[in-house]
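Encoded as structure tokens, the structure appears first; notes follow it.
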Amino acid sequence: MTDQEMEQMVDQIDAVIKQYPHVEAHNIAGVLLSRVTLLMTADPETGKGLMRYVWEKLDEIQQADPGNMI
């Protein structure tokens, strides 16, 4: 996949998400995580690595501002 194709795919995903402004962020995140789980069934180790990365980034956000909830 080229960088241009990747950017186009991200733009398309963002466009779909923007069609649902009334849906709470945690529900959209849940839908996207369910797709990650489905896509990673053939390669769970990579999926775990992706989830670990996300977990660490969320932890960094929380540690930088512990007074706010994510």
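Numbers at a glance
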quantity: Net charge dipole size for the chain [Lys, Arg +1 and Asp, Glu -1 on Cβ; Debye, nearest 20]; calculated: 280 debye
quantity: Over the chain - Rg/Rh using Cα atoms and the Kirkwood inverse-distance radius; calculated: 1.02
quantity: Helix runs (DSSP H) in the chain reaching 27 Å along axis by Cα, Kyte-Doolittle at least -1.0; calculated: 44-64
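Any read-out appearing in this document is the output of simple, stated calculations on the displayed coordinates, not a laboratory observation. Just so you know, these numbers come straight off a predicted model, no measurement behind them. Cβ atoms come from the backbone with ideal geometry, glycine included; neighbour counts cover every protein chain shown.
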